[in-house]
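Each remark here refers to the structure printed beneath this line.
The values are calculated or read from the model by the stated rules, or taken from the named source; none is laboratory data. No experiment lies behind these values; they were computed from the predicted model shown. Here the Cβ is made from the backbone with ideal geometry for all residues, glycine too, and neighbour counts use every protein chain on show.
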Amino acid sequence: MPRTPSQDLLSPQLLAQLERLELVTRKVFRGRMKGERRSQRKGQSVEFADFRNYVPGDDLRFIDWNLYARLDRLFLKLFLEEEDLHFYALVDCSRSMDFGEPSKLTFAKQLAASLGYIGLCRADRVKVESLASGLRSAAPSLRGKSSLRRLIDHVDQFTPGEDQGLLEGVRQFCLRNPGQGILVLITDLMDKSGYESALRLLVSQRIDVYVIHVLSQEEINPEVQGDLRLVDSEDQDQAEVTISRPLLQKYERTLRAFVGSARDFCAKRGITYLQTTSHQPIDQLVAHYLRQRGLVR
Amino acid sequence: MSFLNSLSFLGWGVLLSVPPLIVLLYFLKLKRAPLVVPSTYLWSRAIEDMHVNTIWQKLRRNILLWLQLLFVALLILAVLRPGNQAMQATQERLVLLIDQSASMNASVGSETRLEIAKRRATELIDGMSPESVAMIISFADEARVVQSYTNNRALLRRKLDQIQPTNRLTQLDEALQAASGLANPPQTYEEGNPNALGLAQPLEARLYLFTDGGVQLDSEFSLGNLKPEYIPVGNQRLPNNVGIVAFAADENPEQAGQIQAFAQLFNSSDDPQVFDLELFMEGDLLDARSDVELAPGATASVSFDVSRSVEDSIASGVLKLVMNIKDDLEIDNMAYAVFNTRKQSRILVITPGNDALELALETDEISEFARVRVENAEFLETETYRNLTETTAVDLVIYDRCKPEKMPMANTLFWGQLPPLETWKQGPLSSPVVLIDADETHPLVEWLELGEVLVAEGFQVTGPPGTLNLISSNLGSVMAIGQRLGFEDAVIGFEIVTATEDGKKLANTDWPRHLSFPMFIQNVVNYLGNAAGLNAQKSYLPGENIEIRTVVPYESITVEAPDQQRKSIRRGRQNTYQFTDSRDLGIYKVYEGEDRFVDQQFAVNLTSREESDLRVPDSLELGYEEVQAGQALELGRQEYWKWLLMLSLIILGVEWYIYNRRIYI
């Protein structure tokens, strides 16, 4: 039986597990189309929600005439609105994502596909992009479970090294997608120019931002020895180090500080931050950690 | 703080090439293995604080390199031998007197005393402050300035190394004179003389005397500005030496037909010594004494009697005395004595008739060594006479009351007549003649007792300049001997027999009746007749000036030293040849003229009690000062190289630790 891309990224068991979940946003967004999602806005569904006083200009069709008859006052009947959600997944495809076992990029692609599949199941508008998408044809905006194959095919095209930098990628993304919704940024945040401005740019949009910070095992606990010339996979920058215990301890402290500062930065700006490793099982991550963070339920 | 250079150019080249080599090797070593990582972002931040100061960062990163360089730098510094002069370091002048006399050949362990002296002197030179200057003088029986004042240590060391041992005696006067040249300039001062200001200022100098004692000082010497330090050499252990301090051989005067050899032996060790003595003649063992015992510090005489029965073989030859003992000084365990061939002397006597003279010439002793031919005055006119006297066919011509027209090519003795030369003058004929004295130092008239000899008449004799007065009388000199072209002419101012006018013989003196007359004739034959003088040749000391006489006055002779080296010597005044090159011990052979055969031999022996005595005194008397044995060498420099070496070893240890533990500072 030929292997399909979906089997590489998402196993049937995982798909089955994902079908039971749905994406959640803490912010109120106006969907463009009716969706399966019960909106926090009051709308025109059949499900009653509440009453409110009539103010001139309200649609007369929603006046509860029965109540007017009884109380001689005009009330408006409010119904629950059901609407769709814009879900964006933004995958960092820089060369540094190509490390780890499995690689961080594979992990990111799996995660993006998984979350995208959750959105498709709930009739949300799903768009999975890489940071390099501005360089390629625009990502399709998908809807409905049947779009799973297109989603996976698209995600599968992501290759490491077509990056244009975190900030530039985010800026391109914002220009292309001015709408509201949920954005999951899957990245390792290893950008020499800093991740802060990129995140600030995202915060300024009206989107609910989640940052999933992926690190590989070799970044968390590097197993290196001797006199080394470390070559940066992205910009070929070199750092000559002589590995020693104190240096490794120093590296560990630096990594902790890096992760901590990213968490603080996100927390202050209302960004949900989750640090994970590339060898973390996707189902566990989605079912436990993301649920805890409130991204899915 | 000062530095001493203790390496040659080559050494410096090698040492200074080490640091660049280390840097080079370090760069080779630091070919780090490249490793591609996702991002150097975190690494760079981990080592970010090292980028604060690039040089400091490099320094820290290359801590091993710096440690290695520091180690080598410390080594170089140690080689430069930094140090402080413990004493005053200002412009010291050192004079090193190195004894190279025979006794310095004595071995002390594996070294000879001279080598020890040179080594210690080298240490002293190494310890000199850079401002100091030093001068090296080597001395034995004569002194030589090996190197005049200089501060060039390499030159001093090289010159010091060139000092060779000799077989000579120890005489310090000349060396001290040379050393005191600058320290004690001649001070002549005249009142009111403006030039007196230009007199050399005396410069104080330290005099280091490296010797084993046995130093002889003939003159009273004032050290003046010389500050003496006596550094005894060879006193590390007690000496062990027995030496031959005298060796001579001669005919036994009491027993004709025997040759007697005398040796004097001296034990300078603190233990009694037992050894064998062997006497060789031309390589053949002639006699031996076994188990000769000598008490500590004692001197003993040994004599050997060699029978005349082997006289034919020992008429000319070399006696060698060997002491079979293993001691510190080898060269005094052997001595030589030489017999030269006794020549037949050819004597021509021209006399109108002189029984006393003819009788005296017929003794056994004389007839053995001389062929005497007696002729009357008419013989002077014959062709035979001319042939004999013009070709040195005779050694001596005695003219009794006659004289030739021309002086012969031979020694002459004129009796009652002057030679036919204007340089000889006679006084008026006087009577009586009272003989007063004879010059006993001259071999011609030695041992003569002339006090009772009566002379009826005679005249005073005066000769050319340089003439020696042999017999003095109331008239003045009545016998004199003078020089003539390598020959000697003796003139006696009185006759033995006078012929009266009627032809009768009349005694002029009663000398022939005295014992002194045949002795005089014997002396005449031996000395003027060249009857080889002594049978046994005198032995000389090394370095001694040797006067060689030949029978015939050759233009030059050739002397062959024991090491086969030949040296030609031109004739000097008085028909003698001065040989000054008696450095080596052993037998010297003399070739007269163009001869291919050895005509004479003489021996040079180290028969000196001072040199054989290897005991090193605790103090020396130099002039008016007594100098105690010192260890002045310890007072030189305080050197720091040991500390530097220790520090560099610590650095090496730290480097090793860092390398192994991979400590990252």
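For the reader, a short list of remarks on this structure follows.
- Count - residues of the range A:254-268 that are surrounded by fewer than 16 Cβ atoms within 10 Å (Cβ to Cβ) and either more than 14 Å from chain B (Cβ to nearest Cβ) or more than 27 Å from A:Thr106 (Cα to Cα) (or both): 3
- Checked against the criterion of being at pLDDT 70 or above, under 26 Å from B:Val654 (Cα atoms) and exposed (fewer than 14 other Cβ atoms within 10 Å of the Cβ), the candidates B:Leu65, B:Leu74, B:Leu16 yield just one match: B:Leu16.
- Any chance B:Leu454 is buried (at least 20 other Cβ atoms within 10 Å of the Cβ), among the hydrophobic types (A, V, I, L, M, F, W, C) and in contact with a Leu (Cβ under 9 Å, 6 or more places away or on another chain): no
- Only one of the numbered conditions (1) touching a residue at least 60 places away in the same chain (Cβ under 8 Å); (2) out of contact with any strand residue (DSSP E or B) (no Cβ under 7 Å at 6 or more places or on another chain); (3) over 30 Å from A:Leu14 (Cα atoms); (4) within 12 Å of another protein chain (Cβ to nearest Cβ) is not met by A:Ser233, and that is (2).
- Failed item in (1) in contact (Cβ under 8 Å) with a residue 12 or more places away in the chain; (2) under 39 Å from the mean Cα position of the chain (by Cα); (3) assigned to a loop (DSSP other than H, G, I, E, B), with B:Met519 passing the rest: (3)
- Positions within the range B:100-140 being in a strand (DSSP E or B), touching a strand residue (DSSP E or B) at 6+ places or on another chain (Cβ under 8 Å) and among the hydroxyl-bearing types (Ser, Thr, Tyr), in sequence order: B:Ser138
- Screening the range A:78-96 for residues that are at pLDDT below 85 and not in a strand (DSSP E or B) and picking the one that is nearest to the other protein chains (Cβ to nearest Cβ) gives A:Leu85.
- Candidates are the residues of the range A:237-253 that are among the charged types (D, E, K, R) and within 7 Å of another protein chain (Cβ to nearest Cβ); the one that is farthest from A:Ser216 (Cα to Cα) is A:Glu240.
- Put simply, of A:Leu185, A:Leu189 the only residue that is modelled with pLDDT of 85 or more and at positive phi is A:Leu189.
- Unique residue being in a helix (DSSP H, G or I) and in contact (Cβ under 8 Å) with a residue 24 or more places away in the chain when the list is B:Leu160, B:Leu155: B:Leu160
- The requirement of being within 12 Å of chain B (Cβ to nearest Cβ), surrounded by 18 or more Cβ atoms within 10 Å (Cβ to Cβ) and touching a residue at least 12 places away in the same chain (Cβ under 8 Å) is fulfilled somewhere in the range A:203-214, by at least one residue.
- Test result for B:Gly503, touching a Gly at 6+ places or on another chain (Cβ under 7 Å), surrounded by fewer than 16 Cβ atoms within 10 Å (Cβ to Cβ), on the phi > 0 side of the Ramachandran plot and assigned by TED's automatic domain parsing to the domain that holds B:Asp400: no
- The single residue among B:Ser138, B:Ser101, B:Ser129 that is of a type in the set (Ser, Thr, Tyr) and at pLDDT below 85 turns out to be B:Ser129.
- Screening A:Asp235 with (1) out of contact with any Leu (no Cβ under 8 Å at 6 or more places or on another chain); (2) surrounded by 15 or more Cβ atoms within 10 Å (Cβ to Cβ) gives one miss only, at (2).
- Wholly enclosed strands (runs of 3 or more DSSP E) of the range B:351-470 bearing at least 1 residues of a type in the set (A, V, I, L, M, F, W, C) and more than 22 Å from B:Asn526 (Cβ to Cβ): B:433-438
- B:Pro82 more than 14 Å from chain A (Cβ to nearest Cβ) and at pLDDT 55 or above: yes
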